[in-house]
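Below: one structure, written as structure tokens.
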Amino acid sequence: MNQPKRVEHQMTDKGYVPVYTTAVVEQPWASYSAMDHEVWATLFERQQKILVGRASDEFLRQQRAMGMSPDRIPKFDELNPLLRKATGWELIGVEGLLPELTFFEHLANRRFPVTWWIRKPEQLDYLAEPDLFHDLFGHVPLLMNPVFADYMAAYGKGGVKAHGIGPEALVNLTRLYWYTVEFGLIRQPDGLRIYGSGIVSSKSESIHCLESAAPNRIGFDLERIMRTRYRIDSFQKTYFVIDSYEQLMEATRPDFTPIYTRLASAGSVPAGSVQPGDTVHHRGTGEGWPEGEDV
């Protein structure tokens, strides 16, 4: 088997430029170096300590059910039987960032793309794109939860449809993914907890999202989220809070086509704004918010 490529963003004078790939590859597990396994162990052990009392109970429970450990990088072909039995999902290896439609089609067919390569030691605290740790540690445990797994598949089907409608619909749908799957919080009886993969795989944001006074924490509202711009270069200015994973699934049941039509005339709102009608769990101070445009 040829060694899969490591497809990474390219640094230019305008910053990082994403590079896309569509290849599906076998995980070259035997080629991981001792340093690769050490990076996995370092990140895994660090996040395990930080996430106690911060990550959602369901995330931690399903991670334990999958048998992930710091001992070595997990093998996709050992995790796939567990996933298929639990929710019908499977992991596929990819070389890097996927084009939108390709990504949606995989999700719609219950295939979750996992980047086969892991970050370098000097990238422990920040990487501009998803790697194996972000994908496997951050995303995969909740695919063991039947309701969240159904939400992800429904999102994929919705993405395929939005791709056919047009770019504005895709922008709205991307915001939904960003503020739920990547940076979502959930309300438990004992307080707010993390379920978004972009947070659970990040040391600093795991602490910031719950304990900093700077960001807003606002109750889930589908159309509000789909109007809200976001940051890709800093901590989020706003986190949206769900009451349950069932709430996410119910949000995807309606046909989004009339929603896209309404949002086209409504316009977007800044990432850090608090809007009339918001359910505000915490109004942020805005301290340390970066200047510049939101995405």
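The values are calculated or read from the model by the stated rules, or taken from the named source; none is laboratory data. None of these values were measured; they are calculated from a predicted model. When we count neighbours, we look across all protein chains shown, and the Cβ atoms used for this are built from the backbone with ideal geometry, even at glycine. Accessible surface is based on the protein model in full, side chains and every heavy atom, while ligands, DNA and RNA are left aside. Shrake-Rupley method; radii C 1.70, N 1.55, O 1.52, S 1.80 Å.
The phi-based Karplus calculation (6.51 cos²θ - 1.76 cosθ + 1.60; θ = phi - 60°) puts the 3J(HN,Hα) values of the range 175-192 at 4, 4, 4, 4, 8, 10, 4, 8, 10, x, 10, 10, 8, 9, x, 9, x, 6 Hz, whole numbers, x for Gly and Pro.
Name the shape class, rounded, prolate or oblate, that the alpha-carbon gyration tensor gives for the chain, where a ≥ b ≥ c are the square roots of its eigenvalues, rounded holds for a/c under 1.5, and otherwise prolate holds if a/b is larger than b/c and oblate otherwise. Don't jump to the answer; show the numbers that get you there.
Working: a/c = 1.42, a/b = 1.30, b/c = 1.09.
Rounded shape, in that the Cα axes give a/c under 1.5.
In this simple spin-label model, placing a label point 7 Å from the Cα along the Cα-to-Cβ direction at both Gln48 and Val280 gives a separation of 4.1 nm.
For the peptides 123-132, 286-295, the ranking by mean Cβ contacts within 10 Å, running from highest to lowest, is 123-132, 286-295.
Select from Ala34, Ala251, Ala153 the residue whose mean-square fluctuation is largest in a Gaussian network model of the chain (Cα-Cα springs shorter than 10 Å). The residue that fluctuates most here is Ala34. Could you tell me whether the range 162-262 comes out rounded, prolate or oblate from its Cα gyration tensor? Rule is a ≥ b ≥ c as square roots of the eigenvalues, rounded for a/c under 1.5, then prolate if a/b exceeds b/c, otherwise oblate. The shape class here is prolate.
Legend: calculated FRET efficiency, Val160 to Glu129, from the Cβ-Cβ distance at R0 = 22 Å, rounded to 0.05, equals 0.45.
As a fraction of the 1.4 Å probe accessible area of the range 57-116, surface on carbon and sulfur atoms comes out at 47 percent. Hey, any idea what % of the range 128-277's accessible area is carbon plus sulfur with a 1.4 Å probe? After summing per-atom areas, the C and S share lands at 56 percent.
Taking the Cα centre of the range 152-241 as reference, the dipole from Cβ charges on Lys and Arg (+1) and Asp and Glu (-1) amounts to some 140 debye.
Length gained on full extension, Glu211 to Met35, computed as 0.36 nm times the residue gap minus the Cα-Cα distance: 60.1 nm. The order of the peptides 269-280, 177-188 by mean Cβ neighbours within 10 Å, most packed first, is 177-188, 269-280. Measuring nothing but how far apart in sequence close Cα pairs (under 8 Å, 6+ apart) lie, relative to its length, the range 1-90 scores a relative contact order of 23 percent. The packing ranking of peptides 229-235, 37-43, highest mean first, is 37-43, 229-235, where packing means the average number of other beta carbon atoms within 10 angstrom of each residue.
Annotation: amide H-H contacts under 5 Å for Thr238 (H modelled 1.01 Å from N, sequence separation of 5 or more, or interchain): Asn216.
Shape of the range 34-186 from its Cα gyration tensor (a ≥ b ≥ c, root eigenvalues): rounded if a/c is under 1.5, otherwise prolate when a/b > b/c, or oblate? List each step's numbers first, then the result.
Numbers: a/c = 1.64, a/b = 1.46, b/c = 1.12.
Prolate, because a/c is 1.5 or more and a/b exceeds b/c.
Backbone amide hydrogens, once placed in the peptide plane, bring Met68 within less than 5 Å of nothing, excluding anything fewer than 5 places away on its chain.
Placing +1 on each Lys and Arg Cβ and -1 on each Asp and Glu Cβ, with no other charges, gives the range 41-189 a dipole about its Cα centre of roughly 440 debye. Sequence-distant contacts, meaning Cα pairs under 8 Å at least 6 residues apart, place the relative contact order of the range 100-141 at 35 percent. Annotation: per residue accessible area for the range 85-164 equals 33 Å², rounded to a whole number [probe 1.4 Å, protein chains only].
Taking label positions 7 Å along the Cα-Cβ direction at both Ala23 and Arg72, the computed distance is 2.4 nm, reported to one decimal.
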